[in-house]
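A quick write-up on the structure given underneath.
The values are calculated or read from the model by the stated rules, or taken from the named source; none is laboratory data. All of these numbers come straight from a predicted model, not from anything done at the bench. Note that we place each Cβ from the backbone using ideal geometry, even for glycine, and neighbour counts take in every protein chain shown.
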Amino acid sequence: MKEKGNKKKALRKNIIREISRTKSRFISIFAIIGISVGFFTGVKSACPSMLETAQRYFDDNNLMDFSIISTIGFDDNDIDAIKKLDFVEAVMPSYMADMIVSEGDVDNVARIIALSDKNSNINTPMLKEGTLPQNDGECLIESYYAKLSGTKIGDTVKFTSQDNSMLKNNEYKIVGIADSPLYVTYTRGNTNIGNGSISFYIIVRPEEFIPERYTKIFIKTKASQSDISAFSDEYKNMIQDESDILEALSFDCIDRFNSETLYDAKKKLSDAKKEFNEKKSEVMQKISDGEKEISKGEKELNEKLAEGQKQLDDGQKEIDKLKNELINARNEYNQKLSNAEKNLNYAKTRFENKSAEYNKLKSEYDINIKNIQKSLDDAQKDFQQKYNIFYKQTKPLFEQQLNSLQSKIDFLNAQTEINQNSIQTRISLGLDTRRLESKIQEYQKDIPKYQKQYNELSEEFSVYEQEFKNTEKQFNEAKQNLENEKNSLSEKLKNAKNQLNSAELKLNETQAEYNNITSSSNFDIKMLETEVTIGEKKIKQGREKLESEKQKALEQLNSAKAEIENGKTEANEQLSQAEKELSDAQDKIDKLNNAEWYIYDRDDNPGYSGLVEDAQRVDNIAKVFPLFFLIVASLVCLTTMSRMVEERRTETGTLKALGYSDRDISSKYLIYGSTAGIGGCIVGGFLGVITLPKIIVDTYGIMYMLPETKIVVSQADFFVSSIVAVMCICLVAFIACRKDLKLNPATLMRPKAPKPGKRIMLEYITPVWKNMSFTSKVTARNLFRYKARFLMTVIGVAGCTALIVAGFGLRDSITVIGDLQYVDISHYEQIYALSEAGTAQEKNDVISKFQNDERFDNSMLSYMGFSSNVNSKKSNTSLNSRIVIGENYDDFKRMFTLRDRLTHTPIELDDSSIVIDERMSDVLKIKKGDTINIKIDEIFYNCTVSGITENYAGNFIYMTPEFYKNITGDDIKYNVIVTSVTENYKNNQHDIANDYMKYDDIITVSLISEQVEAIMSTLDSLNIVTFVMIFCAGLLAMVVLYNLTNINIAERVREIATIKVLGFYSLETANYIYRENIILTLFGAVGGLFLGSLFTGFIVESIQMNNVMFPNIVKPVSYVWGFILTFAFSMLVNFIMYFKMNKISMVESLKSIE
Amino acid sequence: MTKDFVKFENVYKRYKMGEVTITAADGVTFSVDEGEFAVVVGLSGAGKTTVLNILGGIDSCDEGKIIVGGKDISHLNKHDLASYRRYDIGFVFQFYNLIPNLTAKENVELATQICNDHLDADAVLDSVGLSERKNNFPSQLSGGEQQRVSIARALAKKPKLLLCDEPTGALDYNTGKNILKLLQTKCIEDGMTVILITHNSAITPMANRVINMRSGKVISNVINPNPLPIDQIEW
């Protein structure tokens, strides 16, 4: 024993030394196992932790198992009946009301919940601040809203609702801030007032509620009192059974109610109706009497008025006669006047004409006279001139000449005579006469000459004289002519003057006549006019009098009428009030007649089922991803261990030679491996469990109002993963050892020949090889030299890259849903629930209101039903689905895209089959042409599936109204209006919703945008899980790379030392090794991208839920990230290793080969 | 021929092993002239390897001065030491330290590719008598051949100083003799300064200078005016 102990001691020392000597290897294994086990356990623990946290919260605050509401409320009999059920632990009758609270312009709806009573304590609010309400008018407010709105203790909540039938006070003072376990999320549910959704809740004492009958019952049953989880199937089954019993009980209670309360109520109502009818007829009689009197008075008044009117009318007639006369007289006068005027005008015109004529003549005459005078003067002047010339020049000249000639002649004659006488004398004297005779002859001879001259001149003169005489005659003639003309003109003018004078005379005559008429006729007319004026005045007075009398009478009449009318309205109001009361009572009774209990379990609490789904989703991710993680980790550890065993070959040989048993020898590696593994499991598991569930649950905590996270370790997962990891390492170590141990010690002690260098394929491709640099050749050959290391590194790196890519890919697949579903598939924004379902004809008015509203692109009457238990023969699973039927197929196609996911080929609906979503087809294992069973109004129908459409969120069955009619035999009754809002109003959807909530036809509005937000916020939280995954994958990648590089360096210490001795600088040495590392990482990373896409597919497949389809989408950027991160980690590792490599002593190279 | 080409002056090297300090070089002082074939002999632990390591620039001294070719290497930093090894030193290992993944020629090229002024790999391999085996991997070569490659690798860099650490330690008698002959030839024909350490004092007659060490001290530094050719030495 002692020997054995010693041996063990030596071995133990050896192991401890081994560990301290190969610290980095040990730590690598430790870390790899730690990270993967920690990650696996941590993520796996998130779901139970979340559920446990919720479970605790529900247990601590006594969350109800059932809540029941009823159309008729409840009384103590009902409570007692429920209490008698054996599974019921506690019953709490309670109240609930919804009220509008205005804040600024915003109308919020508050839900008022009754505080739990001290006995049952169901749904105890978790008080965070302040005190519970003790007094009248106090309330608690929920913490989330208090924080959101900045409401503090001491503030008041004031209702603006007019309905005061529910609560005693209209204003509540906040005395505390508390959360009810009824609400685990921030959704507060829907209501049928205000904008249709509840903003917050307050809690008041039950005493604050007015109604006699309870409006709500909370029940706590054995199901939640037992140890089983509220999220287990067991609980669900129990609740289902209990629910059935409660439902059965409800019929009894309703029957009792009908026979007791309802009977009384009915009797009361019929009495009241009778009374009402009597009273009504009485009032009606009174009214009709009053009305009769009034109509009589009215008639009398009308008669009187008519008489007065008649008198007035007669007077008016007379006046009208006078008026006529006046008009006639006026006309006559006017006629006369106009005639006279005409005459006058004529005379005037004539006078004017004549005057003008005369004037014209006169001026003509003046001109003519002037001209004539001028001509005369000219002629006179001319003549005078001629006269002067003739008498003063010509005539004297001629006379002088003639005279001179005469005198000459006379002289000659005288001479002759003298001479003759002298001759005679001489003859007498007898003197010679001859001289004398010659002289006489001479004389005689001259005389004819002179005579002739004289005659000629005289003739000439007579020509002149004649000429002058002619001129004189002409002149006188002209003078006479002019004188004549002048006279004729004067005559003409005189005539004109005469005419003018006669015209003037006529004018004066007519003017006198006219004046006569104007002055004479006016008087008669004036007389008549006066008469008419007086008459009219009289009539006017009469009229006024009559009018005032009429007014007075009418006033009296109207007041009488108004009195009657008032009486009538009052009576009517009272009557209709009474009638309404009666009809309300009737309605109530009718409702009571069809009384029903609605039994809700926890799943119906807002957000409750989401909590379970979210937890499930995380768990689904945890199923696969960490498994890959573990696989990669194990793979790397495996190679590390087998390397180690190989390295210690000589030692194995030595030990074997020394006589140690195989078991002892292999125990070293087993212990080494398991120490690292178990240590890693414990530390990693511990770290994983304390960090990851908290991170994940806290992230979800943002959406859920849960208390401090309670961490539940998923022990099974921890142990299973730990055992698998450790087993992996040990098994590898053992197998590797076994291989060595089979050999004899001598072989083992001989150093295993270094792996011989070999030519690689590349070398035979001479052109390539020749052109490679020396270092590339070395690298290439080294890469292929250690095929195991090559593979191990590539696979390890690929695994890590794949994990990172898968992390990102998962995130892509999750986040893309919102866009795909609400951008590509659904194109509607709002769903208005109709208060009553109806056929297309019945709902025509409502839908046209929507269709005429320009704020909507599309509005369509639709049927949105819910089918539970949709199933098929091919699958055991059943699921719940919406059934969607659009009234108008064109509108339907605009708002719902039905298409194949891969090919995007549109899918058309027909009247003989249905189209289902892809997820449903997967779950139910349905292909095109198969049939499924769907439930409509509790009846199953077998339908052929003609198309499988792309869809991500929710399950949908689409069909046409005709198909509905075909299978059910009934006309479809539409229960909702689906609308798509125009682009401009996308941001005002609440306003639109508010507008339509005012109509009685509309009961609630669901905004798709809010649903999207809710879905996306859930999925966003899933993001943190993917981030944790990416982070852990990165961490693992780093450790793996560190480990692999470490192995690489450890194996080549001697080589590194040698090249250092050869004078390689630090960087050159590092490059010598890193070049290979980088290439290996490159191979691994590229491989990892493919692997990552596969991983993503696996993981996405595993997180698929019945009603959500996650598309397997890895965005290119995710691949880029995977690649970059891997390289970044690789570089980081290389950087760390650089120092390690620097530390390698060159002295190593001098050591002998072990 | 430079005198005192290599010079050790009072060189100390101490290793701390826990609380014990081992003085591996205890004031070592000696010098070797250029072109000499010097043999350092001594028993295991005499400090001869320490001296060689310090001289080869792969280890540092704690005290003293080492001058090689007029350059003090005792205070060089890491990088300068690498340069010193690269350009000035050729190292022949006892276990050859060939890169198994490289052929004989490539192993030589591994050295030449980092030196600007180097010999042609083929020529060096020819000169060590390995013309036929240039393209063989180390595993395909015998021990002697491998050591020849190792010598070729050291010589190819045209070092100022060839350091050999028990070059025949892993070889049989005849092969060892051949290697020593090769080294002696290189020394004589090429004028290479060779410092060889060995525990085998039988080969000292072939050296120009014999340095005897014991316990980290040089106990004698004798010049042998008439070195014998290796063929004439038997042991």
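Tabulated data
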| item | result |
| --- | --- |
| Number of the exception - A:Asn1107 against (1) more than 54 Å from the chain's Cα centre (by Cα); (2) in contact (Cβ under 8 Å) with a residue 12 or more places away in the chain | (1) |
| Meets criteria (farther than 25 Å from A:Cys800 by Cα and among the charged types (D, E, K, R)) for A:Glu1010 | yes |
| Answer from A:Ile932, A:Ile948, A:Ile972 - the residue that is crowded, with 17+ Cβ neighbours inside 10 Å, in contact (Cβ under 8 Å) with a residue 24 or more places away in the chain and assigned to a loop (DSSP other than H, G, I, E, B) | A:Ile972 |
| Criterion (within 14 Å of chain B (Cβ to nearest Cβ) and among the polar types (S, T, N, Q)) met by exactly one of A:Thr766, A:Thr793 | A:Thr766 |
| Residue within the stretch A:769-777 that is outside the structural domain of A:Lys893 (by TED's automatic domain parsing), crowded, with 17+ Cβ neighbours inside 10 Å and either among the polar types (S, T, N, Q) or in contact (Cβ under 8 Å) with a residue 24 or more places away in the chain (or both) present | no |
| Where a residue in the stretch A:623-637 is modelled with pLDDT under 80 and its partner, wherever it lies, is among the acidic types (Asp, Glu), with Cβ under 7 Å and at least six apart | none |
| Criterion: of a type in the set (Val, Ile, Thr) and within 17 Å of A:Ser70 (Cβ to Cβ) - qualifying residue of A:Ile239, A:Ile217, A:Ile228 | A:Ile217 |
| Only one of B:Glu36, B:Glu63 that is of a type outside the set (Phe, Trp, Tyr), buried (at least 22 other Cβ atoms within 10 Å of the Cβ) and more than 13 Å from chain A (Cβ to nearest Cβ) | B:Glu36 |
| Residue in the stretch A:817-834 that is surrounded by 19 or more Cβ atoms within 10 Å (Cβ to Cβ), among the charged types (D, E, K, R) and in the same structural domain as A:Asp971 (by TED's automatic domain parsing) present | yes |
| Cβ pairs under 7 Å, 6+ apart, first in the stretch A:109-137 and in the same structural domain as A:Ser197 (by TED's automatic domain parsing) and charged (D, E, K, R), second in a loop (DSSP other than H, G, I, E, B) and crowded, with 20+ Cβ neighbours inside 10 Å | A:Arg111/A:Arg188 |
| Verdict on A:Leu1067 being within 13 Å of chain B (Cβ to nearest Cβ), at pLDDT 85 or above, touching a helix residue (DSSP H, G or I) at 6+ places or on another chain (Cβ under 9 Å) and part of a helix (DSSP H, G or I) | yes |
| Residue among A:Gly684, A:Gly610, A:Gly659, A:Gly677 that alone is at positive phi and in the same structural domain as A:Phe39 (by TED's automatic domain parsing) | A:Gly659 |
| Every residue from the stretch B:72-100 that is buried (at least 22 other Cβ atoms within 10 Å of the Cβ) and either at the interface with another protein chain (Cβ under 8 Å from one of its Cβ atoms) or in contact (Cβ under 8 Å) with a residue 40 or more places away in the chain (or both) | B:Ala82, B:Arg85, B:Ile89, B:Gly90, B:Phe91, B:Val92, B:Phe93, B:Gln94, B:Tyr96, B:Asn97, B:Leu98, B:Ile99 |
| Any chance A:Gln511 is at pLDDT 80 or above and surrounded by 12 or more Cβ atoms within 10 Å (Cβ to Cβ) | yes |
| Among (1) farther than 21 Å from A:Leu1007 by Cβ; (2) among the hydrophobic types (A, V, I, L, M, F, W, C); (3) at pLDDT below 90 - the single one A:Ile885 does not satisfy | (3) |
| So A:Gly73, is it within 30 Å of A:Thr261 (Cβ to Cβ) and either aromatic (Phe, Trp, Tyr) or outside the structural domain of A:Asp991 (by TED's automatic domain parsing) (or both) | yes |
| Set A:Asp60, A:Asp75, A:Asp65: member being within 30 Å of A:Asp155 (Cα to Cα) and of a type in the set (D, E, K, R) | A:Asp60 |
| Close pairs from the stretch A:326-353: first over 11 Å from A:Glu513 (Cβ atoms), partner among the basic types (Lys, Arg), Cβ under 8 Å, at least 6 apart | A:Arg350/A:Lys506; A:Phe351/A:Lys506 |
| Among (1) farther than 30 Å from A:Phe87 by Cα; (2) in a strand (DSSP E or B), the one test that A:Phe218 misses | (1) |
| All helices (runs of 4 or more DSSP H) inside the stretch A:736-800 with 1 or more residues being under 30 Å from A:Leu658 (Cβ atoms) and at pLDDT 75 or above | A:745-749 |
| Qualifying residue in the stretch A:68-91 (condition: at pLDDT 85 or above, within 42 Å of the chain's Cα centre (by Cα) and among the small types (Gly, Ala, Ser)) | no |
| Members of the stretch A:1046-1064 found to be farther than 11 Å from A:Asn1142 by Cβ, at the interface with another protein chain (Cβ under 8 Å from one of its Cβ atoms) and not hydrophobic (A, V, I, L, M, F, W, C), listed by number | A:Arg1054, A:Glu1055, A:Thr1058, A:Gly1063 |
| Complete set of residues in the stretch A:817-869 that are part of a loop (DSSP other than H, G, I, E, B) and closer than 22 Å to A:Lys998 by Cβ | A:Tyr828, A:Glu829, A:Glu842, A:Lys843, A:Asn852, A:Asp853, A:Glu854, A:Arg855 |
| Some residue of the stretch B:128-135 being at negative phi, among the β-branched types (Val, Ile, Thr), crowded, with 17+ Cβ neighbours inside 10 Å and within 13 Å of another protein chain (Cβ to nearest Cβ) | no |
| Residues of the stretch A:109-142 satisfying the condition of being touching a Gly at 6+ places or on another chain (Cβ under 7 Å) and surrounded by fewer than 19 Cβ atoms within 10 Å (Cβ to Cβ) | A:Leu127, A:Glu129, A:Gly130, A:Thr131, A:Leu132 |
